[in-house]
Amino acid sequence: MGEASREGGGEPPPAPRRPPTPTWALPAEPDPRRWWALVVIAIAQLMVVLDASIVNIALPSAQRDLGMSDANRQWVITAYTLAFGGLLLLGGRIADLVGRKKTFMIGLVGFAIASGLGGAATGSGLLFGARALQGAFAALLAPSALSLLTTTFTIGKERSKAFGIYGAIAGGGAAIGLIAGGLLTQYLNWRWCLYVNVPIAVVAFIGAAVFLRDRPERGRVSLDVPGVVLGCGGLVAIVYGCSEAEPRGWGDGLVLGLLVGGVALLGVFAWWQSRARHPLLPLHIVRNRNRGGAFLTMGLAVIGLFGMFLFMTYYLQTVLGYSPVKTGVAFLPMVVAIVVGSTQISARLLHRIPPRFLMAPGAVLASVGLFTLTFLTAEPAYVSHVLPAMLLVGLGMGLTFMPVMATATSGVAPHDSGVTSATVNTAQQVGGSIGTALLNTIATSTSAAYIADHLADAARRGGALGFTPAVREGIVKSGVVHGFTVAIGVGSAIMLLAALVAGLMVNGRAPTQDRAPAADSAESADAAA
């Protein structure tokens, strides 16, 4: 009957052809020097991450030395974040265009030169310019580092281990910066917070020349100039608006204009990317559910984390009276917890369980740690409140950052790895800028209201005699701490939102151990074509 059926109906239709697997998605021969390459990438990434915070502790000394005004001192921080956050997408696409290893090494040289200029600054203008130059080269260096990691480690447990180390650096770099800044400022001077980058960059440059390997992508990428103007302009406007919200307030005309203008530019940027022949940020990168969820999780988590760094630094120094070095050492347990969470838990479990089963519990753990800090008072409470909170936040961030970065860069074609890595860094940078400005505004306004109410109440109760300076000082200190706890409570809620986003949006499976992660359908079709 089967024979008759074949004779009557002819040959059965051939099975549909599956598109060929793109060559970049096939397992590559492992580079025997890949672990040394990871060391080089880690050194460079640590330099970039800690430089965002190492200058914070040195800022008071630099202000006195260079005669900066209170109004202008913020530009030591703002110049770096503006250039870094605003130029990341451009830096990532340049890495795709001219080669990741080449841009990595150029970024190291430029960052070292800018750091030397900043350390030798004789006036505030030169320091501001050097910090902006640092940020510009960091925008070239950071996405190159992450994309090199993505293309070097593509298979199984090795990828998990590599991203575990990278995630530990991403989460703990800011705290390490506080430790290093305290030591350098107290025992040398503030200039060494910038000079220290020069020998680090030299070591990383030599290591990059010897150990890094990159496969250039020919003919796949062109620079989208309108996209650069729209995307980078929108990011600069938003980051600058957030930085100006701290001294001016969110209702200020300049702040509102920058934020609204930045959002409008990014809206036009998104429209243009859907029509550009060679878009700066191909929309299939952010439309992917898992990748988009990872970007959003990163941005939300960093809001709460950066707020904690800011308030705990002030709490330890102004309320508890810690020295810069002691303040930096007080953050050390959190760094250890981040390293443990990234390298000993996330790296071991990522290839066994779906990434959201690490991201969501990690963000919940960090949220609980932040919530613990809402019970702080003006009384010394490092052991009872601060230390447990830091351990919880550190462990939670270690569980979160590593799978976020691994998921965000998973299944990306090499010709898009630079701009994808830049988008991860952009989410982190913009989240940090928004978080610092938003939570600081909440803290200062809440503190001001608390102090005004309690001073008025003390004056009423004191009658004609008024109240003593000691009573006033106690009220002010309590008010400052109250503002911190309210703002950290908001950060805890935002961290909980990050957990919700990770749990609902990121639905990818555990990556397999014997092949590279599958690409988006859009990327596969593009590669097959």
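No lab work stands behind these numbers, since they all come straight from the coordinates. Here the structure is a predicted model, which means the values were calculated and not measured. All Cβ positions, even for glycine, are placed from backbone atoms using ideal geometry, and neighbour counts span all protein chains on display.
A few notes on this one:
- Charge tally in the Cβ shell below 12 Å around R348, where Lys, Arg are +1 and Asp, Glu are -1, R348 excluded: +3
- The range 52-151 - Debye-derived log10 I(q)/I(0), Cα point model, q = 0.13, 0.21, 0.23, 0.25 Å⁻¹: -0.47, -0.96, -1.08, -1.21
- Taking packing as the residue-averaged number of other Cβ atoms within 10 angstrom, the listed peptides 324-337, 375-388, 482-495 run from highest to lowest as 482-495, 324-337, 375-388.
- Options I494, I303, L283, ranked by Cα towards positive dipole end of the chain, top entry (Cβ charges): L283
- Amide H within-cut-off set for D224, under 5 Å, with H built and near neighbours excluded: L280
- Per residue of the chain, the DSSP helices (runs of n ≥ 4 H) give a summed -39500 (n - 2.57) that works out to -25500 deg cm²/dmol at 222 nm.
- Exposure proxy order (Cβ contacts within 10 Å, fewest to most) of E158, E473: E473, E158
- Each of F295, F128, F401, F111 was scored by other Cβ atoms within 10 Å of its Cβ. Listed from fewest to most, they are F128, F295, F111, F401.
- Segment E473..S384, full-extension length gain: 29.7 nm, with 0.36 nm per residue of separation and the alpha-carbon distance subtracted.
- For V368, V39, V55, order by how many other beta-carbon atoms lie within 10 Å, fewest first: V39, V368, V55
- Residue by residue, the range 224-233 carries 3J(HN,Hα) couplings of 8, 5, x, x, 4, 4, 6, x, 5, x Hz when phi is fed to the Karplus relation 6.51 cos²θ - 1.76 cosθ + 1.60 (θ = phi - 60°); x denotes Gly or Pro.
- Per-residue ³J(HN,Hα) for the range 418-430, Karplus 6.51 cos²θ - 1.76 cosθ + 1.60, θ = phi - 60°, Hz, x for Gly and Pro: x, 6, 5, 4, 5, 5, 4, 5, 5, 4, 5, 5, 5
- Neighbour net charge for L178 - beta-carbon separation under 14 angstrom, K R +1, D E -1: 0
- FRET E, pair L126, A459, Förster distance 60 Å, beta-carbon r, rounded to 0.05: 0.80
- Phi-based couplings in Hz for the range 204-212 (Karplus 6.51, -1.76, 1.60; Gly and Pro marked x): 5, 5, 4, x, 5, 5, 8, 10, 7
- Mean Cβ neighbour count within 10 Å, used as a protection proxy, ranking 344-356, 89-101 highest first: 89-101, 344-356
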